[in-house]
Amino acid sequence: MASPVRKAVIPAAGLGTRFLPATKAQPKEMVPLIDKPAIQYVVEEAVSVGITDILVITGRGKRAIEDHFDRSLELEQALERSGKFEDLAEMKAIASLADVHYVRQGEPLGLGHAVRMARSHVGDEPFAVLLPDDLMHHNSGILAGMIAAHELTGSSILALKQVARAEVALYGCVAFEEAGDESLVKVLGLVEKPSPAEAPSDLAVMGRYVLTPAIFDAIDATRPGRGAEIQLTDAITRLLATEDVYGFRFVEGRFDVGNKLDYLKATVEFALERDDLGPAFRAFLEEKMAPR
């Protein structure tokens, strides 16, 4: 049987240039969706599948992430004095969501380099990688499905979604063959951000991975590629020479919250689902969209 997936890695050292000027003085991972920072949704996603040991790869200017998942005694005392006990319970719950650890990526040398920094923490066991720009709806079941696929195959699993051919240059795309399961494919190769003509398929790698520890040796053997960075897709290609890699196909439930339009879509969808906001917000939208 495959080893259980007990740890997650969240690479959060990026500069967030797609969301300037909002990210000029705050981490992009702390940009809120309604009333929670984006990275909290990602941590909650990991916790929802039983992962409570989380390593966040940070960089300069990311201290706010650490503060968010820590206790704030002054705030707690102020809430208690004000009788805001629901808010107080929520603040305490954030600090006890998981065992969150941090390591700094001193230079922006690519996603592969960021993942390699988790080696001593992860050790010799499989782990999940969750990119914080990719927000998965809590009902999507994507990470749970990937972990189940890993338990079935013992292999690394990539989250895959079909994209328009015009968009393949934004992603890593896979060559694949069917694996006898509706949701699984066997990965034969990967190309990082190919042109539409060069893309091996329209199945793109999204921001969720379940990786075996063999990925670390593959990263060590990978030379800098596109952008003079160590690409995780290049390391996974190297991994294919020594063990099988599978893709978990999904259709919906993913938002790229580094993209302004997707960020707005996620905000609307998440707000409509809330009991405290949904009815009034829906009425507002219906009134706004009504013909005049």
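Quick note: the coordinates plus some simple rules give every number you see, no bench work behind them. From a predicted model like this one, the values you see are computed outputs, not experimental measurements. So basically every Cβ, Gly included, is an ideal-geometry build from the backbone, and we count neighbours across all protein chains shown.
Cα gyration tensor of region 101-250, axes a ≥ b ≥ c as square roots of the eigenvalues: rounded (a/c below 1.5), prolate (a/b > b/c) or oblate?
Verdict is rounded for region 101-250.
Under 25 Å Cα to Cα from LYS265, which lysines show up? Leave out anything in the same chain fewer than 8 places away.
LYS24, LYS28, LYS36, LYS161, LYS193, LYS288
Below 8 Å, C-alpha to C-alpha, sequence gap of six or more: please give me the relative contact order for region 7-258 in percent.
With pairs under 8 Å counted, the relative contact order is 23 percent.
Only loop residues by DSSP count here, and only those with at most 16 other Cβ atoms within 10 Å; note down the GluC sites (Glu not before Pro) in region 201-292 that meet that.
Loop-located and lightly packed - GLU243, GLU252, GLU273.
Calculate the dipole size of region 1-100 relative to its Cα centre from +1 charges on Lys and Arg beta carbons and -1 charges on Asp and Glu beta carbons; express the result in debye to the nearest 20.
About 500 debye.
Residue by residue through region 111-122, what is 3J(HN,Hα) from phi via Karplus (6.51 cos²θ - 1.76 cosθ + 1.60, θ = phi - 60°)? Round to whole Hz and write x for glycine and proline.
The phi angles translate into 5, x, 5, 4, 5, 4, 5, 8, 4, 5, 6, 6 Hz.
Where the centroid of each part is defined by its Cα atoms, how far is region 220-262 from region 61-99 in Å?
34 Å
About the Cα centre of the chain, how large is the charge dipole given +1 on each Lys and Arg Cβ and -1 on each Asp and Glu Cβ? Please answer in debye to the nearest 20.
880 debye
Under 5 Å between amide hydrogens, which residues at least 5 positions from GLY110 or on another chain qualify, with H placed 1.01 Å from N in the peptide plane?
The answer is ILE230.
Among ILE230, ALA89, ALA118, whose Cα projects farthest towards the positive end of the dipole of region 7-258, with charges put on the beta-carbon of Lys, Arg (+1) and Asp, Glu (-1)?
ILE230
Taking every DSSP beta bridge with both residues inside region 94-245, roughly what % is antiparallel (nearest 5)?
Within region 94-245, antiparallel bridges account for around 95 percent of the total.
Candidates [x] 0.98; [y] 1.10; [z] 1.05; which is the computed Rg/Rh (Cα atoms, Kirkwood Rh)?
[x]
Please state the shape class of region 36-155: rounded when a/c is under 1.5, otherwise prolate if a/b exceeds b/c and oblate if not, all from the C-alpha gyration tensor.
oblate
Could I have the simple spin-label model distance between ASN139 and ASP181, label points 7 Å from Cα toward Cβ, reported in nm to one decimal?
About 2.4 nm, to one decimal.
Between PRO32, PRO132, PRO11, where does the largest GNM mean-square fluctuation fall for the chain, given springs only between Cα atoms within less than 10 Å?
Maximum fluctuation in the GNM of the chain, among the listed residues, is at PRO32.
Could you tell me how many degrees, from 0 to 90 and to the nearest 10, lie between the Cα long axis of helix 278-289 and the main elongation axis, the longest principal axis, of the Cα atoms of the chain?
Approximately 80 degrees, to the nearest ten.
Cα axis of helix 38-48 to longest principal axis of the chain: angle in degrees, 0 to 90, nearest 10?
70 degrees
Need one number: % antiparallel among DSSP beta bridges in the chain, to the nearest 5.
If I count the DSSP bridges inside the chain, around 55 percent turn out antiparallel.
Highest GNM mean-square fluctuation, the chain, Cα pairs closer than 10 Å: which of ALA197, ALA218, ALA175?
Most flexible of the set in this elastic network: ALA197.
Which residue fluctuates the most in the chain, going by a Gaussian network model with Cα springs under 10 Å, if the choices are VAL257, VAL163, VAL56?
Between VAL257, VAL163, VAL56, it is VAL163 that shows the largest mean-square fluctuation.
Determine the shape class of region 133-211: with a ≥ b ≥ c the square roots of the Cα gyration tensor eigenvalues, call it rounded for a/c under 1.5, and otherwise prolate if a/b is greater than b/c, oblate otherwise.
It comes out oblate by the Cα gyration axes.
What's the ranking of 202-215, 178-191, 133-146 by average number of surrounding C-beta atoms within 10 Å, highest first?
Output ranking for 202-215, 178-191, 133-146: 202-215, 133-146, 178-191.
Once phi is turned into θ = phi - 60°, what whole-Hz ³J(HN,Hα) does the Karplus curve with 6.51, -1.76 and 1.60 give for every residue of region 157-164, x standing for Gly and Pro?
10, 10, 7, 10, 9, 6, 10, 5
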